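Worksheet: one structure, shown below.
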Amino acid sequence: MTAQYIVNGLTMGLIYALIAVGYSLVFGILKMINMAHGAVYAFGAHMILMFVTWNLGAVPAVILSVLLTGGLLVIYDRTILATLRKKKAPGIAALITTIGFSYIIQNGLMIAFGTEIKAFPALLGEKMIQVGNVKFAFSQVYILVVSIVLLVGLSLLIHKSKIGLAMRAVEQNSRAADLMGINAKGVISVTFFLSGMSAVIAALLLASYYQTVYPTMGVMIGLKGFSASVLGGIGILYGSAVGGIILGIAESLTVQFLSGAYRDAVAFILLFLILIVRPNGLFGKAKVSKV
Amino acid sequence: MNTYYGNIHALKGIDFEVNDGELVTLIGSNGAGKSTTLLTIAGVLKAASGSRIEFNGHDLTKLSPPQIVKMGVTLSPEGREVFPELTVEENLKLGAYCRKDVKEIKDSFDQVYELFPRLLERKKQQAGTLSGGEQQMLAIGRALMNRPKLLMLDEPSMGLAPNLVLEIFNLIKEIHKQGTTILLVEQNANMALKIADRCYVLEVGRIKFSGDAKEMQNNDEVRKAYLGTVNKKK
């Protein structure tokens, strides 16, 4: 029985991990929490639904959604957040802007798609598999494989590629990055795009699993992903990913041993406990001081 | 190579040039506008309209910092500004960020490591854990990775112990000897004048003196103001 809950928790945890990484990417480079990330997730889910209803096929639908969602974030950053940065607006201004943006997205979705819960096609299949006494949906295997591939891919991109090096350079010292000839604007756009992409993939996986979408679907999962990110160490990719997995499994075990009613509360109690012991998150570290 | 320079708020119409192969130093007290000058050439600060910074026939005031770096004008900034959580190797790699000749970048690594063997020893170490002198070497090495046609060094001796200052200056002399044109900004005017060909003295945003570095060392007024001693013999 417990194994079953752990498998389910891991599934959910990987989704949290994908969401958490989205927060982490943007936080790393801009030291800003993108509170619109949950809404961006909902936006991605609706885009996939729309393109699938247009009979474009699942793969093109997902690719188009990634482009559109990533593009939306890039435009949002270029027009609004970049202007705030240029005017040296305090962090709180950017924060409230992202909260505002999340409502604009959600309202837009309500107007365009209606407020009701809509059926989402089972893009990843409906088959169930049984291994021993653990039963799981085939889509859970997808969630496992796709999210791990994406997380590892993102990590490789950031630590091994040239654009990843540029991202880390801008993150640590944007003035010096300028002097290296790095186009910081471009790097920030790439970061937002990747953040959007991870949200769309999370949306694809989870919406196909639950087979529902609705405009406010990103609110709770956004908060959970944010918590997971802080829990693991925001700004640190693998930390955020591990944070997500821990959160997912903890929730699932809560449902097993306590009751489903405690599920959401436990996520945040866990966050408090870990932050009290490790204020920078599990893998967060105090900054290396510049001499 | 000519670098002309107009008005920006801190610089009240200064005009100077660095010729190909020269080591020119810009000295002056705090707040004279030395760093401002370098940051403006690098494109990080915008020159006021009407200014002209010419490099090999191109007007740098019309270019962005990445474009200026691509032209071969590289600044090693005041305070070193290394990327603290990246390794020494990654820092150097970033110095070559704008270069497209992937194969030859490896040669530049070898050259930098030959010049600064200590960076080779520490290539996997985080830059933030290096000593001040090593970070300065890294900052210069990083700038060299761009194979600059004009290398601008801002206060390379700042905050270093006297023996390290000497070491850094010897290395700058060596880099110059290997054919790099250098524009050096220094508070340590004595040391700067010893290795420079020519010198400009900047005072509150204006050029006060200019001339041969050796002659400057013997100029009473310059000595009194910037070198701390008056040459009695003269």
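The values are calculated or read from the model by the stated rules, or taken from the named source; none is laboratory data. Note that the structure is predicted; figures quoted are calculated from it, not measured. Cβ placement follows ideal geometry from the backbone for every residue including glycine, while neighbour counts extend to all protein chains displayed.
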Quick count over the stretch B:112-125, residues being out of contact with any helix residue (DSSP H, G or I) (no Cβ under 7 Å at 6 or more places or on another chain) and closer than 28 Å to B:Val44 by Cβ, is 0
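Of the residues B:Gly141, B:Gly128, which single one is surrounded by 23 or more Cβ atoms within 10 Å (Cβ to Cβ) and either in contact (Cβ under 8 Å) with a residue 24 or more places away in the chain or assigned to a loop (DSSP other than H, G, I, E, B) (or both)?
One residue alone meets the criteria, B:Gly141.
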query = Would you say B:Arg198 is at pLDDT 95 or above and of a type in the set (Lys, Arg)?
reply = no
Among the residues of the stretch B:144-159, the number that are in a loop (DSSP other than H, G, I, E, B), over 27 Å from B:Lys106 (Cβ atoms) and within 11 Å of chain A (Cβ to nearest Cβ) is 1
Does A:Gln140 qualify as being under 29 Å from A:Arg85 (Cα atoms) and either surrounded by fewer than 23 Cβ atoms within 10 Å (Cβ to Cβ) or free of Cβ contacts under 8 Å to residues at least 24 places away in the same chain (or both)?
-> no
Of the residues in the stretch B:160-186, those that are in a strand (DSSP E or B) and of a type in the set (A, V, I, L, M, F, W, C) come to B:Ile182, B:Leu183, B:Leu184, B:Val185
Among residues of the stretch B:88-103 being exposed (fewer than 12 other Cβ atoms within 10 Å of the Cβ) and in a helix (DSSP H, G or I), the residue nearest to the other protein chains (Cβ to nearest Cβ) is B:Val102
All-but-one check, A:Trp54 against (1) surrounded by 21 or more Cβ atoms within 10 Å (Cβ to Cβ); (2) among the aromatic types (Phe, Trp, Tyr); (3) modelled with pLDDT under 95, failing number (1)
Cβ pairs under 6 Å, 6+ apart or interchain, first in the stretch B:59-84 and at the interface with chain A (Cβ under 7 Å from one of its Cβ atoms), second buried (at least 17 other Cβ atoms within 10 Å of the Cβ) and part of a strand (DSSP E or B), ordered by first then second residue, are B:Leu75/B:Met152; B:Pro77/B:Asp154
Exercise. In this structure, is A:Ala250 away from every other protein chain (no Cβ under 14 Å), part of a helix (DSSP H, G or I) and over 26 Å from A:Leu144 (Cβ atoms)?
Worked result: no
Scanning the stretch A:150-194 for residues that are polar (S, T, N, Q), surrounded by fewer than 21 Cβ atoms within 10 Å (Cβ to Cβ) and assigned to a helix (DSSP H, G or I), the one nearest to the other protein chains (Cβ to nearest Cβ) turns out to be A:Ser174
Within the stretch B:59-87, residues more than 19 Å from the chain's Cα centre (by Cα) and assigned to a helix (DSSP H, G or I) come out as B:Lys62
Of the residues in the stretch A:27-46, those that are assigned to a helix (DSSP H, G or I), at pLDDT below 95 and either touching a helix residue (DSSP H, G or I) at 6+ places or on another chain (Cβ under 6 Å) or not aliphatic (A, V, I, L, M) (or both) number 3
All conditions in (1) surrounded by 22 or more Cβ atoms within 10 Å (Cβ to Cβ); (2) modelled with pLDDT of 90 or more are true of B:Ala189 except (2)
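Here's the yes/no breakdown for (1) in contact with a helix residue (DSSP H, G or I) (Cβ under 9 Å, 6 or more places away or on another chain); (2) over 20 Å from A:Ala42 (Cα atoms); (3) surrounded by 17 or more Cβ atoms within 10 Å (Cβ to Cβ):
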position: A:Tyr209; (1), (2), (3): yes, no, yes
position: A:Val213; (1), (2), (3): yes, no, yes
position: A:Val219; (1), (2), (3): yes, no, no
position: A:Gly222; (1), (2), (3): yes, no, yes
position: A:Ala228; (1), (2), (3): yes, no, yes
position: A:Leu231; (1), (2), (3): yes, yes, yes
position: A:Tyr238; (1), (2), (3): yes, yes, yes
Those residues of the stretch B:39-58 that are in a loop (DSSP other than H, G, I, E, B), of a type outside the set (Lys, Arg) and either without any contact (Cβ under 8 Å) to a residue 24 or more places away in the chain or within 13 Å of another protein chain (Cβ to nearest Cβ) (or both) come to a total of 6
Of the residues in the stretch A:175-229, those that are polar (S, T, N, Q) and touching a residue at least 24 places away in the same chain (Cβ under 8 Å) come to A:Ser189, A:Thr191, A:Ser195, A:Ser198, A:Ser208, A:Gln211, A:Thr212, A:Thr216, A:Ser227, A:Ser229
